[in-house]
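To start, the structure itself, in structure tokens.
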Amino acid sequence: MSIKAIFAVHRADSAPALLGEDFRRRLAAAGAHRVQVNVDDADVADAPLRFGPGTPVTAVVSVWTEGPVEPVVAVLQDLDPSADGWRVEERSPIEPPAVPDGVRADALANVAFLRRPAAMSPEAWLDDWLERHTPVAIRTQGTFGYVQNPVVERLTPGSPDVAGIVEELFPMSAMTDSHAFYGSGGDDDELQRRFTELMESVARFGADHGLDLVPTSRYLWTL
């Protein structure tokens, strides 16, 4: 059974190592068979949203492995001892388009780390996010890739109590064009309607505050 783990990397100069062949070789030796690297780099420097209550995230690494996850964790923490990791279960309401190994996806890939409000039970929070919010998010935004990752357990001591991690792919033009971000086709009234509906839905499960949002460039490899 394949395990998916997601890591938040905080080291400022991590991108060259994460995109390098040696990193992939070490992951393969640790039992990984697939890796995705999302980096906050020059290609997404114009993205207007970049925030969070936690330590700034410079990259997000997703790793799939058939074996024990501990060797994978060791590889990430050797590269960045401050890296945080979680084991997740993946859902893809909109499967991102396939891209050749090592080729940057033509997208603004926003990654958000979500925290569950104390007033909501884990079951109610998951149901609200996965079942009620998902169709709202899809119909009110110009996304063409949408991957949800409910967190199963923390893999690194002291990692934030993150309940879910979501990746949304937008056209690159969405960095500077709100209509491209929301898919509103240049209609200002429709833009406002979509924005309002989305924000109301986000607020209902507490994702209107306490989340880290990282704009990234997305790369994927089979190992």
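Got a sec? Which of F170, F181 is of a type in the set (F, W, Y), over 15 Å from the mean Cα position of the chain (by Cα) and over 28 Å from S82 (Cβ atoms)?
None of the other options fit; the residue is F181.
Of the residues R24, R50, R34, which single one is surrounded by 15 or more Cβ atoms within 10 Å (Cβ to Cβ), among the charged types (D, E, K, R) and closer than 21 Å to V152 by Cβ?
R34
Being within 25 Å of A98 (Cβ to Cβ), among the aromatic types (F, W, Y), buried (at least 17 other Cβ atoms within 10 Å of the Cβ) and in contact with a Pro (Cβ under 9 Å, 6 or more places away or on another chain): is that true of F205 here?
Judged against the criteria, F205 is not a match.
Considering each residue of segment 3-38, count those that are modelled with pLDDT of 95 or more and hydroxyl-bearing (S, T, Y), and give that number.
Looking only at that region, the number is 0.
Give the residues of segment 141-162 that are of a type outside the set (D, E), touching a residue at least 60 places away in the same chain (Cβ under 8 Å) and touching a Lys or Arg at 6+ places or on another chain (Cβ under 9 Å), sorted by residue number.
Scanning segment 141-162 gives N149, P150, V151, V152, R154, L155, P160, V162.
Which residues, taken from segment 28-74, are of a type in the set (S, T, N, Q), touching a helix residue (DSSP H, G or I) at 6+ places or on another chain (Cβ under 8 Å) and within 26 Å of L211 (Cα to Cα)?
Answer for segment 28-74, where residues must be of a type in the set (S, T, N, Q), touching a helix residue (DSSP H, G or I) at 6+ places or on another chain (Cβ under 8 Å) and within 26 Å of L211 (Cα to Cα): just T58.
Six or more apart or on different chains, Cβ atoms under 7 Å: show the pairs whose first residue is in segment 114-132 and touching a residue at least 60 places away in the same chain (Cβ under 8 Å) and whose second is surrounded by 13 or more Cβ atoms within 10 Å (Cβ to Cβ) and charged (D, E, K, R).
From residues that are touching a residue at least 60 places away in the same chain (Cβ under 8 Å), the pairs are W125/R116; D128/R204.
Before we move on, is V72 more than 27 Å from T176 (Cβ to Cβ), in contact (Cβ under 8 Å) with a residue 60 or more places away in the chain and crowded, with 20+ Cβ neighbours inside 10 Å?
Here the answer is yes, as V72 does meet what is asked.
Among what's in segment 85-109 and is surrounded by 17 or more Cβ atoms within 10 Å (Cβ to Cβ) and out of contact with any helix residue (DSSP H, G or I) (no Cβ under 9 Å at 6 or more places or on another chain), pick the residue that is nearest to R193 (Cα to Cα).
Per the stated criteria, the residue is P96.
The values are calculated or read from the model by the stated rules, or taken from the named source; none is laboratory data. Keep in mind that what you see is a predicted model, and the values were worked out from it rather than measured. Neighbour counts run over all protein chains shown; Cβ positions are idealised from the backbone, glycine included.
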